Amino acid sequence: MAEVEQMREGVGMKGYLLLGRIILAAGLAQVAAEALAQPADRAMEEPKIVLNVTANPSDCNLQSASRVKLESLTRGGEKWIGRCVKVDGVWSGRALFLNAGDLNRARYPQSDDKLGPRRVGLYLPDELLESAPAHGRSATAVGVVGDCETLSRGALMVMGYCHYTDGPYIAVSEMRK
């Protein structure tokens with residue numbers, strides 16, 4: 001350590017910063033060499049960016065969906081993951097809430113953690129997202145249930161509801177107003 005102190009005093013701050021850059025470059029080179037030395041089957045996968053999640057209306061629709069209470073999805077809804085459901089609530093933007101009062105409980109109700117047990121995220125086809133009410137309207141969401149943790153696994157970036165929060169979501173095939 002005394003040698004580093006002497007070096008810093010002898011070369012000044014510019015020299016010290018240059019030494020830091022050299023050490024950083026050497027470390028990065030080592031990491032890159034180790035990554036390149038991996039066998040092909042362990043090579044890094046192409047980064048995945050999730051823009052949207054959708055459900056096929058011919059597979060999941062109002063007639064084929066199981067009616068589920070929103071609370072069942074937010075509290076231990078793991079049993080519904082991957083299943084086609086229809087859920088009633090108050091639709092606002094990218095989320096379905098238990099009631100209209102939930103929209104006034106937080107500045108950002110679609111991502112505020114304290115409202116997690118009172119909402120389910122929505123991944124909507126573009127035409128439905130464009131018509132999503134900002135201030136809430138009663139609606140029935142029909143789609144396939146998923147969870148943000150699974151959706152985010154292995155992804156470089158996840159857009160939409162799971163970009164801001166965790167928990168269950170519905171990949172919507174249709175919305176009934």
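Any read-out appearing in this document is the output of simple, stated calculations on the displayed coordinates, not a laboratory observation. A quick note: this is a predicted structure, and the numbers were derived from the prediction, not measured. Cβ coordinates were reconstructed from backbone atoms using ideal geometry, including for glycine residues, and neighbour counts include every protein chain displayed.
List of remarks:
- In a DSSP loop and with at most 10 other Cβ atoms within 10 Å, the trypsin sites (Lys or Arg not before Pro) in segment 80-158 are 107, 153.
- Count Lys and Arg as plus one, Asp and Glu as minus one, and take only other residues whose Cβ is under 13 Å from that of residue 57; the net charge is then -1.
- Structural descriptor for segment 89-139: relative contact order 52 percent, calculated from alpha carbon pairs under 8 angstrom and at least 6 residues apart.
- Neighbourhood net charge (13 Å Cβ-Cβ; Lys/Arg +1, Asp/Glu -1) for residue 149: -2
- Annotation: lysines with alpha-carbon distance below 25 angstrom to residue 177 (same-chain offsets under eight excluded): 69, 86.
- Label point 7 Å beyond Cα of residue 62 along Cβ direction - residues of segment 116-159 with amide nitrogen under 16 Å: 138-143
- Environment charge of residue 104, counting only residues whose C-beta is closer than 14 Å and scoring Lys/Arg +1, Asp/Glu -1: +3
- Against the empirical 2.2 N^0.38 Å (N residues), segment 48-176 has a Cα radius of gyration ratio of 0.94.
- GluC sites (Glu not before Pro) restricted to segment 41-129 and DSSP loop, no more than 14 other C-beta within 10 Å: 45
- Summarising the strand pairing of segment 48-176, around 70 percent of its internal DSSP beta bridges are antiparallel.
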